[in-house]
1. What single numbered condition from (1) surrounded by 16 or more Cβ atoms within 10 Å (Cβ to Cβ); (2) closer than 30 Å to N430 by Cα fails to hold for L247?
2. Quick check, is A323 in contact (Cβ under 8 Å) with a residue 40 or more places away in the chain and under 15 Å from the mean Cα position of the chain (by Cα)?
3. Residues of region 141-165 being of a type in the set (A, V, I, L, M) and buried (at least 21 other Cβ atoms within 10 Å of the Cβ), which ones?
4. When you look at R298, is it under 21 Å from the mean Cα position of the chain (by Cα) and not hydroxyl-bearing (S, T, Y), yes or no?
5. When only residues in region 438-457 that are over 14 Å from V423 (Cα atoms) and in contact (Cβ under 8 Å) with a residue 24 or more places away in the chain count, which is nearest to the chain's Cα centre (by Cα)?
6. Counting just the residues of region 166-201 that are crowded, with 17+ Cβ neighbours inside 10 Å and small (G, A, S), which one comes out farthest from D156 (Cα to Cα)?
7. Which one is nearest to G504 (Cα to Cα) among residues in region 458-486 that are hydrophobic (A, V, I, L, M, F, W, C) and loosely packed, with under 14 Cβ neighbours inside 10 Å?
Amino acid sequence: MVMNACLLPWLPLLAFFLLEAHLASNELMVCQSGRVAIRRGAARRRGTDGHYSMTSQRSTSLTHSSNRLLLIWLAGFAVIGFVAACIFFNLVRDLVRNWSTTALVAPAAGSVTVTDPQTGQPVVPDIPSWNGVERVTVLLLGIDERRQETGPFRTDTMLVLTVDPAAKTAGILSIPRDLWVQIPTMDTEGKINTAHFLGDAYDYPGGGPALAMETVKQALGIPVDYYVRFNFDSFEKVIDAIGGVDLCVAETIDDPLYPAFDNYGYDPLHIDQGCQNMAGALALKYARTRHTGTDFDRAKRQQQVILAVRDKVTKQNLLPQLAAQAPAVLDDLQKSVQTNLSLDQMIQLAKLATQIDPQDIKQATINENMVVAYNTPTNPPQNVLVPIRDKIRELRDQFFNSVPASPGGATPAPAAGSARICVENGTQINGLAARTGDRLTAQGFKVAAIDSADRFDYAQSQIVSYAPDATVAEAVAQALGLPASSVVTSTVTSTCDLKVILGGDYREAAVRPTP
């Protein structure tokens, strides 16, 4: 074996130490051989007090020789250790130098595809597909969290994302933050963006996200399965992780009053008209600014950013790389993002989203035509948006309808156990719809939503079937003690398979009161 050059300067030193050790050892042996003579001479010089007087020069020489030998051997071992380390380093370096890697290699700059160095073929991680067939609805909550604040926080953005895995359709629904709604369990009305704040402030089970989900469910009459809560910082990092997003700005934006993130001052914003790539910080400002527009205009830009993220991931096939990086990214964002989705579920839903044709993604906003502006008589007064329930209900039904109509516009009849039933309260009896929903659930029916009816003076209950076969509707009527004449059919499309509207004739005598 050829020695490394780092060993050569140490060879003379090592030889010197070995020679010195040999000489010191010989000297020690000579000193030890004269030890007997020293003791005999000392005995002859014993004093009258019975003690020896040993001040021999040979004794001192013996001690010095022993110490010298010890130091020489310690130094020698140190040199030998260093030489061994150099030899081991050479072995490892030569071994690593001759390795031929067969694992995945890092993508080259500007590339988004990982290839196998032996085959040259792209290596795509095995991302499992979403295995459910039922519609999935996720509530996105963007919270107005600033670095100088500790919370609780109101929501700055609320969007409902829904995906139908069977029909391969999806939708984005924007909810204005000033929508005036009933806050569940709080016995109060308020802006919908306060639900998250109240949930955290008053320790609602599941916190702010849980109360926000329940508020949206009751306000819109839709199921909400999951939530994702994020702050401004996490939004920026996600955009930057995919290399920014490409957005087309319809008109130049000048917002001198854009709020600063680090303080309560201003961070003037200017964005030129035209298409451009935006990093995370600029994309966030583009999505949040109001400049000369309204919250409804801002909602459209937020949906534009979300769809731009999907397009970037889909067109450049970024999902495999993002999936591989997901654990590290989530670990970095754990203080900025909260969700009840597992990591696997998020990756699977992302894959499902990339498989949906852009033409099959619906966009909707609860806009100025569906609300009435109102100043509340509160202290202080609040500018709120009171929902026009009929128009919002119509939007909801159109938004969630993804099943192609059968001939004649009617939907096929579902099985009793899978029929989606919506229960609406057409009376002034508080909690009647919720208790009736519990009653139907206890009898094996599937209640999809609880809501208030379009008015509260229904004298007769109605069971509206959206399928030509009213068998399930008749079974529901019997379960609730309603006459068969209460069943009617409709060809209007709806997210429900049938709707129960409770009127003044409904009796809940057989219902056990909820605690």
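1. Condition not satisfied by L247: (2).
2. It is true that A323 is in contact (Cβ under 8 Å) with a residue 40 or more places away in the chain and under 15 Å from the mean Cα position of the chain (by Cα).
3. Those that are of a type in the set (A, V, I, L, M) and buried (at least 21 other Cβ atoms within 10 Å of the Cβ): L141, I143, M158, V160, V163.
4. No: the conditions fail for R298.
5. Looking at residues that are over 14 Å from V423 (Cα atoms) and in contact (Cβ under 8 Å) with a residue 24 or more places away in the chain, I get G444.
6. Among residues in region 166-201 that are crowded, with 17+ Cβ neighbours inside 10 Å and small (G, A, S), the one farthest from D156 (Cα to Cα) is A170.
7. Filtering first and then ranking leaves A459.
Let's see how each residue does on (1) touching a Phe, Trp or Tyr at 6+ places or on another chain (Cβ under 8 Å); (2) within 21 Å of G171 (Cα to Cα):
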position: E214; (1), (2): no, yes
position: G221; (1), (2): no, yes
position: Y226; (1), (2): no, yes
position: D240; (1), (2): no, no
position: A250; (1), (2): no, no
position: I271; (1), (2): yes, no
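The values are calculated or read from the model by the stated rules, or taken from the named source; none is laboratory data. Just so you know, these numbers come straight off a predicted model, no measurement behind them. Note that each Cβ is placed from the backbone with ideal geometry, even for glycine, and that neighbours are counted across all protein chains shown.
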